[in-house]
Amino acid sequence: MLTAETITYQIGQRSLLKDISFSVRPGELLVILGANGAGKSTLLRNLSGELKPLKGTIQLKGKTISSYSTKELAMLRAVMNQQNIVSLPFSVAEIVMMGRYPHYKNHPAETDLQIVEEVTRLTGISDMTERSYPTLSGGEQQRVQLARVLAQVWNIPNALLLMDEPVASLDIQYQQQTLAIAKNLARRGFMVISVLHDINLAAQYADRILMLKNGRKWYDGSAAEVLTAKNIYEIFEIDSDVYTNPRTLKHFFIPKDVRINSIP
Amino acid sequence: MYIFLVAALFIAAAFSMSLGAVKIPVKEIFLILGKKAGLFTQYTVSERYEGVLHIVRIPRVLLGLLVGAALGISGTAIQGIFRNPLAEPSLIGISAGASLMAVIIIVMEISLFAGLSNLLGYYLLVFGAFAGAGLAALLVYQISRTEGKSNVATMLLAGIAINALAGALTGLITFAADDQQLRNITFWMLGSLAGATWETVLSILPFILVPLALLPRMGKALNTFALGEVQASQLGLKVNSVKRNIVILATMAVGASVAVSGIIGFVGLLVPHTIRLIIGVDHKHVLPASALLGALMLTLADLLCRTLIAPVELPIGVITALLGTPLFLYILIKDKKKFAL
């Protein structure tokens, strides 16, 4: 269980998060939605322990995040970051193996190798393990990072997985695949929290959606409850038509054209 | 790979002991060394050879090995910390910081600590150089960081500034120096192993053996640094303390090298780069391999500068710079876009 209580975070006088409370159970995939600058990444960085909230507490498995050591935290949660610049030309296999670093001292055990093999297959990068990371396309790099992050907590029950825009540069196949993996992990008991930009992807996969605006929690609920044309207008200031997928009964959105006053 | 490097190192060391103003046959060297270890007692060896070997060649080769290993491994470590393949101790001012402190101590030592015994004096010198290297590293690091990342352009510019500042201060100090000190100071600026004695070897031994023993254990840590500091911390690394330890170890090695051999540039650039081309970038292997290759490269470079235009000796810094600058330019041109200078 992850519980965030009245988190407030600010840089200087500018507050980025105000009084945010929510919780995530094992087995749940929570998607965070919000406009640019709403505080999604900041919230995620607070949850990961990278940033310390000014007020409020974040509890993971009954203990506050800050009371865990860096090492302990690495055994409980993994983070897929938005920006991943690798400074040396490591091979794909080497990068994925780094996900297992917290678990072994000098030489990877049989389990470590097995897990690396498994996540490599799952993320569809099996045929590029020997390639050098910098030569990969943005989307391929993102899948390698996903594999590394999955490897880190693969065999840890009820682990926390945080993802900051994990599908940003992926094609539609791997967008679906990544979210399917996330959902699947949640079914295995993980707590998965992902920041997304694509409302339809969120509607398709999220168990719950947290909507942020100006650093505050605006809505929190199931996709059906939260994703309405009215709410989307409130958050993104965009009109949209809502339809229902006749097969899955899930909503999907088509934005209406935005009129722009011609620039003088 | 390791076997090859170690073998090459032995051969180079043997050659380096053999060649010079007095040529000593390699067989003789083995006999003399063997005799010291209590073997081959039935053979007699030339006393002249033994003298040259003991007083001149062995300390010189040992010094080359130590300094080369130190520069090689610390180059790798510092590039890992800065997340940047151009972070070389002499380029970014770490060596200059060390040499500035060394020069200050040379000038002060005679006036203030005239009574210090020789080995103690050397220790003081090494400590001073270590402090100077550490300060310079800290300064460059702080200056070149923006939002948790080190910026290449700022790093190199900060290096230029520190090099210039240290150069200017050194120049200033030379006014207060007497002839003997002046000669010592000039020697710092060029870099040379000519000051090799058993005392210099012993004085830097601990300061180089400790980093050589500990840095290779930082392989996993430096690998995760390549992912980014945030990512490294998410993988359970105590980023700040690890970073501090690595910088202390690396600057200790650089400081000790500079204290006895002056600024020998570009070894910390050449060595890690060559190793990465051959065996890949995993620090678990790059760290120990760059210590070995550093030792090998400096032994060979020293051999060259002793024998190329004998009896005159070239400063070793000249050779390493001749090899290193083209590589530096090559990296710069190849990654021009990435560095966006």
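Observations
- Each distinct pair of alpha carbons in region A:86-155 adds a 1/r term; the inverse of their mean, the Kirkwood radius, is 11.8 Å.
- Protection-proxy order for peptides B:85-98, B:14-27, B:233-246, each taking the mean of Cβ atoms within 10 Å per residue, highest first: B:85-98, B:233-246, B:14-27
- Relative contact order for chain A, counting Cα pairs under 8 Å that sit 6 or more residues apart, in percent: 25
- FRET efficiency, 1/(1 + (r/R0)^6) with R0 45 Å, evaluated for B:Met108 and A:Glu5 via beta carbons: 0.15
- Percent antiparallel among DSSP beta bridges (both partners in the protein assembly as shown, rounded to 5): 60
- Listed by chain and number, the lysines whose C-alpha is less than 30 Å from the C-alpha of B:Lys27, apart from same-chain residues fewer than 8 away, are B:Lys35, B:Lys36.
- Kirkwood radius and radius of gyration were both taken over the C-alpha atoms of chain B, and their ratio Rg/Rh is 0.99.
- Counting only residues at least eight positions apart within a chain, or on another chain, the lysines with an alpha carbon under 17 Å from that of A:Lys256 are A:Lys230.
- Note on B:Ile279 and B:Gln142: the extension gain reaches 46.1 nm, defined as 0.36 nm multiplied by sequence separation minus the Cα-Cα distance.
- Helices in chain A that qualify as membrane-span-like (whole DSSP H runs, Cα extent of at least 15 Å along the helix axis, mean Kyte-Doolittle hydropathy of -0.5 or higher) are A:110-122, A:138-153, A:172-187.
- Here the Karplus relation 6.51 cos²θ - 1.76 cosθ + 1.60, evaluated at θ = phi - 60°, turns the backbone of region B:48-60 into coupling constants of 4, 4, 4, x, 4, 4, 6, 7, 9, 5, 4, x, 5 Hz, with x for every Gly and Pro.
- Shielding of B:72-85 by partner chains, average beta-carbon count, 10 Å: 1
- Averaging Cα coordinates gives a centre for region B:190-240 and one for region A:39-101; these two points are 27 Å apart.
- About its Cα centre, chain B has a charge dipole of approximately 960 debye under the convention of +1 per Lys or Arg Cβ and -1 per Asp or Glu Cβ, with nothing else charged.
- Counting only other chain Cβ atoms within 10 Å of each residue's Cβ, the peptide A:88-94 averages 5.
- Charged-residue dipole, Cβ positions (Lys, Arg, Asp, Glu), region A:86-155 about Cα centre, Debye nearest 20: 200
- Per-peptide packing, taken as the mean over residues of other Cβ atoms within 10 Å, places B:285-298, A:104-117 in the sequence B:285-298, A:104-117 from highest down.
- Unit charges at the beta carbon, dipole of the protein assembly as shown: most positive-side option, A:Thr42, B:Gly132, B:Val210: A:Thr42
- Chain B: relative contact order as a whole-number percent, Cα under 8 Å and 6+ apart: 31
- Radius of gyration, Dmax [the protein assembly as shown; alpha carbons; angstrom]: 29.7, 102
- Ranked by the mean number of other Cβ atoms within 10 Å per residue, highest first, peptides A:250-259, A:56-65 order as A:56-65, A:250-259.
- Cβ neighbours within 10 Å from other chains - mean over A:101-109: 3
- Relative contact order [Cα under 8 Å, 6+ residues apart], region B:1-105, whole percent: 16
- Degrees separating the helix B:239-261 axis from the principal Cα axis of chain B, which is the longest one: 30
- Cβ-based exposure ranking for A:Phe236, B:Phe130, in which fewest neighbours within 10 Å come first: A:Phe236, B:Phe130
- Charge dipole of chain A (Cα centre as origin; +1 on each Lys and Arg Cβ, -1 on each Asp and Glu Cβ, all else neutral): 740 debye, rounded to the nearest 20.
- Here the ratio of the Cα radius of gyration of region B:201-341 to 2.2 N^0.38 Å is 1.17.
- For region B:293-310, the Karplus equation 6.51 cos²θ - 1.76 cosθ + 1.60, evaluated at θ = phi - 60°, returns couplings of 5, x, 4, 4, 5, 6, 4, 5, 4, 5, 4, 4, 6, 7, 10, 4, 10, 4 Hz by residue, with Gly and Pro reported as x.
Values quoted throughout were computed directly from the atomic coordinates according to the rules given, and no laboratory measurement underlies them. Values in this document were obtained by computation on a predicted structure and should not be read as measured data. Ideal geometry is used to build each Cβ from the backbone, glycine not excepted, and the neighbour counts take in all protein chains shown.
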